[in-house]
1. Check Leu47, Leu39, Leu66, Leu53 and return the single one that is buried (at least 16 other Cβ atoms within 10 Å of the Cβ), free of Cβ contacts under 8 Å to residues at least 60 places away in the same chain and on the phi < 0 side of the Ramachandran plot.
2. Test of understanding: among Ile6, Ile116, which residue is more than 15 Å from Phe130 (Cβ to Cβ) and open to solvent by less than 60 Å² (accessible area, probe 1.4 Å)?
3. Taking the options Glu98, Glu60, name whichever one is over 18 Å from Lys3 (Cβ atoms), without any contact (Cβ under 8 Å) to a residue 12 or more places away in the chain and touching a strand residue (DSSP E or B) at 6+ places or on another chain (Cβ under 7 Å).
4. Out of region 69-78, which residues are open to solvent by 60 Å² or more (accessible area, probe 1.4 Å) and at pLDDT 95 or above?
5. Looking at (1) in contact (Cβ under 8 Å) with a residue 60 or more places away in the chain; (2) out of contact with any Leu (no Cβ under 9 Å at 6 or more places or on another chain), find the lone condition where Asp76 falls short.
6. Taking the conditions exactly as written (assigned to a strand (DSSP E or B) and over 13 Å from the mean Cα position of the chain (by Cα)), does Val65 satisfy them or not?
7. Which of (1) more than 13 Å from the chain's Cα centre (by Cα); (2) surrounded by fewer than 18 Cβ atoms within 10 Å (Cβ to Cβ) does Glu83 not meet, given it meets every other one?
8. Where residues in region 95-113 are surrounded by 15 or more Cβ atoms within 10 Å (Cβ to Cβ) and assigned to a loop (DSSP other than H, G, I, E, B), which of them is modelled with the highest pLDDT?
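The values are calculated or read from the model by the stated rules, or taken from the named source; none is laboratory data. All values derive from a computational prediction rather than experimental measurement. All Cβ positions, even for glycine, are placed from backbone atoms using ideal geometry, and neighbour counts span all protein chains on display. With ligands, DNA and RNA removed, areas are computed over all heavy atoms of the protein, side chains included. Shrake-Rupley method; radii C 1.70, N 1.55, O 1.52, S 1.80 Å.
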Amino acid sequence: MEKAIISSTVNLLDGGCNVCGIIEDVNYTLTLNEHSIPLEEVTVNTLVMAIALENGYKREYKMDVLDDYILFKKADYQVTLKEDYDYLTYSNEKNQLETNNQLINKESLAAKVNEILTTIFSIDALDFSF
């Protein structure tokens, strides 16, 4: 099983004036096959998107009459992502998975990301380390 390492660094920034306090800026990095991918935050959506793009999927933003959605394409294979606040729906021609985007527990986050990768994207599961 391929290893996926998620690390973070914290930068403390001075606000710049007497009233502003110190601002904590957290940066996350996903490392796959010795390739580092910066992440804005650690959520289901950011992890799945980074891993899918790293595995050769292309991302398109589509607008429909009722919904806007993200389409991931790799050759003839397509995956649709519909976002609704903290709720995500991933689907391909055979399966559909729904989940919250923000998952507090790291083990359940890793399990949900692996379920989406294997069931929807046909990508092998990863061994996550936080």
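1. Only one candidate qualifies: Leu39.
2. Ile116
3. Details: Glu60 fails: without any contact (Cβ under 8 Å) to a residue 12 or more places away in the chain.
Selected residue: Glu98, the only one of Glu98, Glu60 that is over 18 Å from Lys3 (Cβ atoms), without any contact (Cβ under 8 Å) to a residue 12 or more places away in the chain and touching a strand residue (DSSP E or B) at 6+ places or on another chain (Cβ under 7 Å).
4. Of everything in region 69-78, those that are open to solvent by 60 Å² or more (accessible area, probe 1.4 Å) and at pLDDT 95 or above turn out to be Lys73, Lys74, Gln78.
5. (1)
6. Values: assigned to a strand (DSSP E or B): no; over 13 Å from the mean Cα position of the chain (by Cα): yes.
So Val65 does not fit the description; no.
7. (1)
8. Asn101
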